[in-house]
Amino acid sequence: MQVKVIGLTGGIASGKSIVSKTLQSLGAAAINTDEIGHSIMEPHKPAWHDLIAYFGQEILNDDLTVNRQKLGAIVFNSPEKLDKLNRITHPHIMDAMRHALQMIKSTTPDRVVVVEVPLLYETHMEKLFDEIWVIWVDNDTQIERLIVRDGISREDAVKRIESQMPLDEKARRADVLVDNRHNIEETIAIVTRNFNNILSRS
């Protein structure tokens, strides 16, 4: 079969990593745009220079790495600054993602590839993928998981969630919807069933 590329998205703290790891355990290759985003912010990389030029030296740690907590506190309180952050990082992330996809296609052309993209719809990347999987939880569950995961206040959790497209809207656009409100065994079963559907169609 030709490479089948899944765009994996959802909301913050909805459980994208669990689904991605499950797909990898089933044989899929994985590309994580958050990890790419971290790498392009490393000291003296192009995005690093652009971030300092706009946000200033105060976003840096003593070792010159970007302090993601400080940067997050800035952008999640300002839609304009969040938009600027995305404009700075998005082109670099896209270039690296396309390169990684091309490497997989050239070396293992019969694999399923999952690309984890938290802001897939926000950055209008729908057409890049053969199908889009959305990981969904209800709003209360999302808030509570984010508070526990990041050790932040309820107010900050709500701000971060509201900075993204509503998860219910993403769910309406999905080719495959993964309900991740319940236990991990149920989530794995949903993912496995849908992955096997891809293989049976190929």
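Summing Lys, Arg as +1 and Asp, Glu as -1, what charge do residues with Cβ under 11 Å from the Cβ of Asp138 carry, Asp138 excluded? Net local charge, Asp138 excluded: -2.
Neighbour counts of C-beta atoms inside 10 Å place Thr9, Thr141, Thr108, Thr187 in the sequence Thr108, Thr141, Thr187, Thr9, starting with the fewest. One chain, two ends: Glu42 and Leu64. Fully extended at 0.36 nm per residue, the span grows by 7.1 nm beyond their Cα-Cα distance. Taking springs between alpha-carbon atoms closer than 10 angstrom, which of Ala13, Ala189, Ala30 fluctuates most in the Gaussian network model of the chain? It is Ala189. Pairwise inverse Cα distances across region 1-113, averaged and inverted, put the Kirkwood hydrodynamic radius at 15.8 Å. Counting only the Cα atoms, region 114-202 fills a convex hull of 102 Å³ per residue. The aspartates and glutamates whose alpha-carbon is closer than 17 Å to the alpha-carbon of Lys81, local same-chain residues fewer than 8 away aside, are Asp50, Glu58, Glu122, Asp156, Glu162. As a ratio to 2.2 N^0.38 Å, the alpha-carbon radius of gyration for region 147-187 is 1.43. Derived scalar couplings between HN and Hα for region 46-56 equal x, 5, 4, 4, 5, 5, 5, 4, 8, 8, x Hz in order, rounded to whole Hz, by the Karplus curve 6.51 cos²θ - 1.76 cosθ + 1.60 (θ = phi - 60°), x for Gly and Pro.
D for the chain, whole µm²/s, Stokes-Einstein with Kirkwood Rh over alpha-carbon pairs at 4 °C and 1.567 mPa s: what number?
Numbers: Rh = 17.9 Å.
It diffuses with D of about 72 µm²/s by this estimate.
Can you give me the angle between helix 16-25 and the longest principal axis of the chain, using Cα atoms only, in degrees from 0 to 90, rounded to the nearest 10? Orientation of helix 16-25: about 40 degrees from the principal axis.
One compactness figure for region 76-149 is 1.38, namely its Cα radius of gyration divided by 2.2 N^0.38 Å. Tell me, how many Å apart are the Cα centres for region 13-39 and for region 40-58? A separation of 25 Å, based on Cα centres.
Under 5 Å between amide hydrogens, built in the peptide plane, is the criterion, and for Leu60 it picks out Asn67 among residues at least 5 positions away or on other chains. A simple spin-label model places the labels of Asn196 and Ser25 1.5 nm from each other, with each point 7 Å out along Cα-to-Cβ.
Only the coordinates and a few stated rules stand behind these numbers; no lab work does. What you see is a predicted model, and the numbers here were worked out from it, not measured in a lab. Neighbour counts are summed over all protein chains in view; Cβ atoms, including those assigned to glycine, are modelled from backbone coordinates with ideal geometry.
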